[in-house]
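Q: Input: one structure, supplied below.
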Amino acid sequence: PRLPTTAGRALCRIAQEALSNLAKDARARTATVTLAATSRLICLTIADDGCGFDPSAARQPVRDHGWGLMIMRERAASAGAQLSVDSAPGRGTQVIVTLSNDLP
């Protein structure tokens, strides 16, 4: 389904930021971007097999890093979406954005 402009832009920018972070920091060999829709949800997933990180340590931005996650969370919230990050050192990262699919 075609997304409302605000949601589409937010998902695009979140994917862009996640891929930028991945290219800069993850040391990944592979990455996947998946956009899936059901009758109830739209789900964007960006996953990699990189070095991973501790998401709880990245809750607040500091000096020169951590801003990307904060901005992604704010973009998701502005579109009425939820953003979650599943990662741990040594096991890659998944950024998952879910949005209610209340489109006709």
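Q: Among the listed residues Ser39, Ser20, which satisfies the condition of being part of a helix (DSSP H, G or I) and loosely packed, with under 14 Cβ neighbours inside 10 Å? Let's see the steps before the verdict.
A: On the way: Ser39 fails: part of a helix (DSSP H, G or I).
That would be Ser20, the only listed residue that is part of a helix (DSSP H, G or I) and loosely packed, with under 14 Cβ neighbours inside 10 Å.
Q: What number of residues within the stretch 23-36 are surrounded by fewer than 20 Cβ atoms within 10 Å (Cβ to Cβ), out of contact with any helix residue (DSSP H, G or I) (no Cβ under 8 Å at 6 or more places or on another chain) and not in a loop (DSSP other than H, G, I, E, B)? Let's see the steps before the verdict.
A: Step one: of the stretch 23-36, the residues surrounded by fewer than 20 Cβ atoms within 10 Å (Cβ to Cβ) are 23-25, 27-36.
Narrowing further to those that are out of contact with any helix residue (DSSP H, G or I) (no Cβ under 8 Å at 6 or more places or on another chain): 23-25, 27, 29-30, 32, 34, 36.
Remaining after also requiring not in a loop (DSSP other than H, G, I, E, B): 23-25, 32, 34, 36.
Residues flagged as surrounded by fewer than 20 Cβ atoms within 10 Å (Cβ to Cβ), out of contact with any helix residue (DSSP H, G or I) (no Cβ under 8 Å at 6 or more places or on another chain) and not in a loop (DSSP other than H, G, I, E, B) within the stretch 23-36 amount to 6.
Q: Still on this structure, please answer the following. Here is a list of conditions, (1) of a type in the set (Gly, Ala, Ser); (2) open to solvent by 90 Å² or more (accessible area, probe 1.4 Å); (3) in a helix (DSSP H, G or I), and Ser56 meets all of them except one; can you say which number that is?
A: The one condition Ser56 does not meet is (2).
Q: Residues in the stretch 27-37 that are over 19 Å from Thr6 (Cα atoms) and in contact (Cβ under 8 Å) with a residue 24 or more places away in the chain: how many?
A: Looking only at that region, the number is 2.
Conditions tested, residue by residue: (1) free of Cβ contacts under 8 Å to residues at least 40 places away in the same chain; (2) of a type in the set (Ser, Thr, Tyr); (3) crowded, with 17+ Cβ neighbours inside 10 Å.
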site	(1), (2), (3)
Gly68	no, no, yes
Ala76	no, no, yes
Gly80	no, no, no
Leu83	no, no, yes
Gly90	yes, no, no
Val97	no, no, yes
Asp102	yes, no, no
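Q: Output the number of residues of the stretch 1-33 satisfying the condition of being over 11 Å from the mean Cα position of the chain (by Cα) and either of a type in the set (Val, Ile, Thr) or within 16 Å of Ala76 (Cα to Cα) (or both).
A: Number of matching residues: 9.
The values are calculated or read from the model by the stated rules, or taken from the named source; none is laboratory data. Since this is a predicted model, take the numbers as computed values, not measurements. Glycine also receives a Cβ, built like all others from the backbone with ideal geometry; neighbour counts cover every protein chain displayed. Each accessible area value is taken on the protein alone, full model and side chains, heavy atoms only, with ligands, DNA and RNA left out. Shrake-Rupley method; radii C 1.70, N 1.55, O 1.52, S 1.80 Å.
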